[in-house]
1. Any residue at all in the range 32-44 that is open to solvent by 20 Å² or more (accessible area, probe 1.4 Å), of a type in the set (D, E, K, R), under 21 Å from residue 92 (Cα atoms) and outside any strand (DSSP E or B)?
2. Exactly one condition in (1) part of a helix (DSSP H, G or I); (2) at pLDDT below 80; (3) within 20 Å of residue 458 (Cβ to Cβ) is not met by residue 586; state its number.
3. For the range 170-192, which positions are open to solvent by 20 Å² or more (accessible area, probe 1.4 Å) and assigned to a strand (DSSP E or B)?
4. Among the residues of the range 73-84, is there at least one that is without any contact (Cβ under 8 Å) to a residue 40 or more places away in the chain and on the phi > 0 side of the Ramachandran plot?
5. From the list 130, 115, 88, which residue is in a helix (DSSP H, G or I), within 24 Å of residue 466 (Cβ to Cβ) and open to solvent by less than 20 Å² (accessible area, probe 1.4 Å)?
6. For the subset of the range 235-263 comprising residues that are modelled with pLDDT under 90, touching a helix residue (DSSP H, G or I) at 6+ places or on another chain (Cβ under 8 Å) and open to solvent by less than 60 Å² (accessible area, probe 1.4 Å), which member is nearest to residue 466 (Cα to Cα)?
7. Of the residues that sit in the range 281-322 and are among the aliphatic types (A, V, I, L, M) and surrounded by fewer than 19 Cβ atoms within 10 Å (Cβ to Cβ), which one is modelled with the lowest pLDDT?
8. Taking the range 1-20 on its own, how many of its residues are crowded, with 19+ Cβ neighbours inside 10 Å and among the aliphatic types (A, V, I, L, M)?
Amino acid sequence: MPLFNDRFIEELKFKCDIVSVISQYVPLVKKGTRYACVCPFHSDRNPSMYVNPQGQFYHCFGCGASGDVITFVMEMESLGYVDAVKFLADRAGMDLPEYKADADYRKKKDRQETLKALMKDAARYYHSNLVRKQEGEEARRYLAGRGITDEICTRFGLGLSLGYDQMQAYLRRKGYAAADLRDCGLAVGDRLSDAFAGRIIVPIMNGMGDVVAFGGRIYRGEKDVAKYKNSTNTLLFDKSRCVYGINFVKREKRRGNGFKNLILVEGYMDVISLASAGFLNAVAGMGTALTPQQAREIKKLTDTVFVCYDGDDAGRKAAVRNVEPLLAEGLDVRVVSLAEGLDPDDTIRQEGADGFRKRLEAALPVIEYKLKLCEDACELESANGRAKYVKAALRMLSEVKNAAEREVYLGIVSSKSGVSVTTLGETLAGVRSAPAAEREPEQTVRAKESKTVAAARFVLNRVINGAEYASAEELKAEWMPMPEQAEILRFLKENAGKATAGGDMFNADGIDGGEAGEVLNAEREFSSAAAERKYYADCVARLTEAYDAEQVAQLKEKYKELTDRGEKLAVLREIQRLMKKPQAKN
């Protein structure tokens, strides 16, 4: 069944006249019954794209691009079909068919618009503080010391919080309620204190350019406080779906300055620092782990991504972990190596823009980068080091499915280790054909393949991301199919109510970093909020079902050992109770 019926799409196109929409992106010149313009989809000096208002379509005789108003918005805004329809429906003031039956839809939408207006006003207020001659002088001096010019401050809308009370007082005077400030994550506590008091402010925008969150950075060398403080998830902001800087990249695309690739960095300050050096194609995830949703957003804008994380052990591990969602989207991924201990900002300062550009040119494909990490971890000067290198490299190459590709990389391993390609190939064949139980403990293999494990990851992911329907307190550690997941749940319960990033799990004692990454990446897309809520409930049901099934199995064993009739009857009743529970749907 199609998401939108023909009647709705026809009405949408009628209300979103193609000439009106396209003229907002490129100047149109009327030629007879048609309109002509310079094509925004290729390097076009003379008008080669024509817009037909009668047929409501466009066609470029230069590059062949053509379509209707929905197709045009998809291309210009880098949106999927559904999001492009929603974009145009908002423009036309139309309710989507799936929401017409929802009596609360208009109320929810109006609420969102109020919060968007509040966030926009807050961003303007913060920015006005930064540009004030006296109040913003120290912060501007700090930013200038990092090479961030006034132009870059304006481009990214950087601002400044003057203290705990000023921002909320300003917004209350503009008519916003206390609940509005709390719901946006701007104010905390009974006194409505500024959540980002005394920090330089970085507005976080979604792909459409709406301010949905803020980041704050200290600049006076304060001690015993977090260097960065970021918004928690709100009605407007879901950090697992947001890619910082993507709205600026889209804006450059609309201006005809499309990029052949994007640079993925760890945080928003890296994006800003690279822009200061002239690299306007940088974006960043909003957490330690890149999610599938974020990878899909990146895919809409490019086919090639340069992953450029910090030049330390944590940065290298994050790079290896975060290439996976990008590869899953079919992107050409290359990993940039920075000098030990340097981040992109440090690299720009020490090596300049040309030095950073050379590092981009030297970026390695993912497999070669992983092989380099294997090499760096071993002392190839010794026989023992070369043996360790071969073992690690072959373990990694066993995941490469293409035989020809494996053989190419075996040549690299051979040249580094001195072991012949033939011997390496034979050894690798043994690694790949070994039974799963010989490569990993059978329990671990079963756990990785289990739908119950996937359900637990999704449930924990939703708790971490602050979904309103998800609560750690409603979950039990014994429901978790893996010990690592039980530890993650205990961590979440212990840190309930604290502004703790999901990425902090990587540093928590007892938590396996690999499983923490799997949990943080356990994202899915849904057609509606109701569908997402239902899937969450089904996942919880699956966890309880699996736990109950295990309890039933134990009770059956216990039943065999019992001799007392009363005890046996009690066990049977408990088995019946557990078996009558509703079954999971997912």
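1. Within the range 32-44, the first condition is being open to solvent by 20 Å² or more (accessible area, probe 1.4 Å), and the residues that meet it are 32-35, 38, 40-44.
Narrowing the set further to residues that are of a type in the set (D, E, K, R) leaves 34, 44.
With the extra rule that they be under 21 Å from residue 92 (Cα atoms), the set shrinks to none.
Checked against the condition, which is being open to solvent by 20 Å² or more (accessible area, probe 1.4 Å), of a type in the set (D, E, K, R), under 21 Å from residue 92 (Cα atoms) and outside any strand (DSSP E or B), the range 32-44 yields no hits at all.
2. So residue 586 meets the others, but not (1).
3. Passing the criteria: only 188.
4. No, every residue in the range 73-84 fails to be without any contact (Cβ under 8 Å) to a residue 40 or more places away in the chain and on the phi > 0 side of the Ramachandran plot.
5. One residue alone meets the criteria, 115.
6. 240
7. Just the residues of the range 281-322 that are among the aliphatic types (A, V, I, L, M), to begin with: 282-284, 286, 289-290, 295, 298, 301, 305, 307, 314, 318-320.
Narrowing the set further to residues that are surrounded by fewer than 19 Cβ atoms within 10 Å (Cβ to Cβ) leaves 314, 320.
Working: 314: 87, 320: 91.
My answer is 314.
8. 2
The values are calculated or read from the model by the stated rules, or taken from the named source; none is laboratory data. Just so we're clear, the structure is a prediction, and the values are computed from it rather than from any experiment. A quick note on method: Cβ atoms are made from the backbone with ideal geometry, for glycine too, and the neighbour counts reach across all protein chains shown. In case anyone asks, the SASA skips ligands and DNA or RNA and just uses the protein heavy atoms, side chains included. Shrake-Rupley method; radii C 1.70, N 1.55, O 1.52, S 1.80 Å.
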